[in-house]
1. For the stretch A:66-86, check the following and say yes or no: at least one residue is within 14 Å of ligand 1 (Cβ to nearest atom) and in a loop (DSSP other than H, G, I, E, B).
2. Of everything in the stretch A:24-44, what is within 8 Å of ligand 1 (Cβ to nearest atom) and outside any loop (DSSP other than H, G, I, E, B)? Give them in sequence order.
3. Just wondering, is there one or more residues in the stretch A:66-82 that are of a type in the set (A, V, I, L, M), at the interface with chain B (Cβ under 9 Å from one of its Cβ atoms) and within 18 Å of the chain's Cα centre (by Cα)?
4. Restrict the check to the stretch A:45-54 and report whether at least one residue is near ligand 1 (Cβ under 9 Å from one of its atoms), modelled with pLDDT of 95 or more and in contact with a Gly (Cβ under 7 Å, 6 or more places away or on another chain).
5. Return the residue satisfying two criteria in turn: it lies in the stretch A:101-138 and is surrounded by 19 or more Cβ atoms within 10 Å (Cβ to Cβ) and of a type in the set (S, T, N, Q), and of such residues it is farthest from the other protein chains (Cβ to nearest Cβ).
6. Being within 14 Å of another protein chain (Cβ to nearest Cβ) and among the polar types (S, T, N, Q) is the requirement here; does B:Thr113 meet it?
7. Considering only residues that are in a strand (DSSP E or B) and β-branched (Val, Ile, Thr), look in the stretch A:55-65 and name the one that is nearest to ligand 1 (Cβ to nearest atom).
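The values are calculated or read from the model by the stated rules, or taken from the named source; none is laboratory data. This one's a predicted model, so the numbers in the text were calculated from it and none came from an experiment. No Cβ is skipped: glycine too gets one built from the backbone with ideal geometry, and neighbour counts run over all protein chains shown.
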Amino acid sequence: MSVSAAGIRFEAVSHGFDDQPVLRGIDLHLTERRIGIVGANGSGKSTLARMINGLVTPTSGTVTVNGLDVRRQAKLVRREVGFIFTNPDNQIVMPTVQEDVAFTLRRRGLTPDEIEARTIEALERFGLTALADRPAHRLSGGQKQLLALAAVLVAGPSIVVADEPTTLLDARNTRLITGLLVSLTQQVIVVTHDLEVLDGFDRVIVIDEGRVVADDAPSVALSAYLALLS
Amino acid sequence: MIGLYRPGTSLLHRAPALLKLGLLAVAMVVVGLVADPLVLAGELVVVVALYAVAGIPPPAAWPQIGPILWILVFAVPVQVLVAGGSVEGWTTAGLMAGRLLVAVALAALFTLTTTVTAVLEAFQLLLRPFRRWVDADRVGLLVALAIRCIPLVAEIVHEVLDARRARGAQGSLVALAVPVVVRSLYAADAIGEALAARGLDD
Ligand SMILES: Nc1ncnc2c1ncn2[C@@H]1O[C@H](COP(=O)(O)OP(=O)(O)O)[C@@H](O)[C@H]1O
Ligand SMILES: [Mg+2]
């Protein structure tokens, strides 16, 4: 892999839903380990984040992940990119916690023993061991988001994209989930309204009405964002 | 299965799901054919023993079996009345009640001791001979999603009812159904996306 292919690259990306422009002329090269995306509701953050793993395909322009064209190689890209949604309920497929984590590893040519070992390891890592046999849909909101993290990370992606992962959580669980996200070895891209989260980040991108209006170190980008609000 | 599974290490928990499924099917047929009240009573004793082996305490079994008792409270007298209150009428009604009870208790026992993953694997084994025509993996995923939908829709109904109550709205059944259907469709969409994101959309 050549140096320039690494990371996530948006080239002249524009997007519209039903002729309504949502993103315009986005050019970004995302290589930093910790990247935050902020902006008002409806500014296009989720659309941008979803393009990284091909849940949204841009009307024009291209998105590449480690040199893979998301439009044409979505399946390969999704093995590189783990995605955390705002509402973890939608991410739960299987009835119990352990089964849901194991579910991610289906169709990967692993033996049942390998699947079990990896699943147990992921549960341990996210403090879910005691809940392994519990019904997933009866967990608390914070526990569900922990489960979502475990279920995504058990597959070993190299990038994690999280779209407002703490918006539905209380302060304590927000801190827990944020702490875990920040501790990952993966490249992490977080869309958030929780600006404290972005303290130690390498880069913050501010989106407004479908455009990148600031792209800088957190302190600089966030003051631009706050100026935009007033 | 639907969050009813009770973790355990008993013989019944460890037995292969396919074997349990087969035995369950055989037992259902046998129970349906029993015509001797004594044999049926014997079967009831066996069922109770199986629950003991599985280590399922009565409080855990009750939610599965209780509802059928309510049905029987009404169905048995009706049966007896239809049969004209004769001794045979009582016997027939008693047999019917006993059969239902045994059948429901056995099905519940399967559910309480078998994970959904194990059931899916059993399905996949069953479908193997047909793999040229049926994608067992996909069928398994479909079954898992159908099972997942039950608590999800229940929760949506719950929230919509709460919201109605909070607004003091009474409204018709349609006024309840519309938001439930709309929200269920949104949830289905979101689940589809989450599946794709987990690389399981093929
Ligand atoms: N699937 C869709 N169909 C139509 N319009 C959409 C869809 N998804 C998002 N939009 C619209 O695109 C705009 C940007 O949405 P989004 O990317 O979700 O913003 P954000 O995440 O910043 O709140 C909004 O005006 C929203 O209504
Ligand atoms: Mg959004």
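1. Yes, there is a match, as at least one residue in the stretch A:66-86 is within 14 Å of ligand 1 (Cβ to nearest atom) and in a loop (DSSP other than H, G, I, E, B).
2. Initial filter on the stretch A:24-44 (within 8 Å of ligand 1 (Cβ to nearest atom)): A:39-44.
Within the stretch A:24-44, just A:Gly39 meets the criteria.
3. Of the stretch A:66-82, the ones of a type in the set (A, V, I, L, M) are A:68, A:70, A:74, A:76-77, A:81.
Imposing the further condition that a residue be at the interface with chain B (Cβ under 9 Å from one of its Cβ atoms) reduces the set to A:74, A:81.
Applying the additional criterion that residues be within 18 Å of the chain's Cα centre (by Cα) yields A:74, A:81.
Taking every residue of the stretch A:66-82 in turn, at least one turns out to be of a type in the set (A, V, I, L, M), at the interface with chain B (Cβ under 9 Å from one of its Cβ atoms) and within 18 Å of the chain's Cα centre (by Cα).
4. Restricting attention to the stretch A:45-54, the residues satisfying the condition of being near ligand 1 (Cβ under 9 Å from one of its atoms) are A:45-50.
Filter once more, so that each one left must be modelled with pLDDT of 95 or more: A:45-50.
Add one more test, that the residue is in contact with a Gly (Cβ under 7 Å, 6 or more places away or on another chain), and what stays is A:45.
Within the stretch A:45-54, one or more residues are near ligand 1 (Cβ under 9 Å from one of its atoms), modelled with pLDDT of 95 or more and in contact with a Gly (Cβ under 7 Å, 6 or more places away or on another chain).
5. The qualifying residue farthest from the other protein chains (Cβ to nearest Cβ) is A:Thr119.
6. On the way: within 14 Å of another protein chain (Cβ to nearest Cβ): yes; among the polar types (S, T, N, Q): yes.
The answer is yes for B:Thr113.
7. To start, the set of residues in the stretch A:55-65 that are in a strand (DSSP E or B) comprises A:60-65.
Next cut, β-branched (Val, Ile, Thr) only: A:62-65.
Working: A:Thr62: 19, A:Val63: 14, A:Thr64: 20, A:Val65: 19 Å.
Applying the filter and picking the extreme gives A:Val63.
This table checks each residue for (1) within 16 Å of ligand 2 (Cβ to nearest atom); (2) over 16 Å from the mean Cα position of the chain (by Cα); (3) of a type outside the set (A, V, I, L, M, F, W, C); (4) more than 14 Å from chain B (Cβ to nearest Cβ).
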| residue | (1), (2), (3), (4) |
| --- | --- |
| A:Gly16 | no, yes, yes, yes |
| A:Gly25 | no, yes, yes, yes |
| A:Arg33 | no, no, yes, yes |
| A:Leu48 | yes, no, no, yes |
| A:Asn53 | yes, no, yes, no |
| A:Ser60 | no, yes, yes, yes |
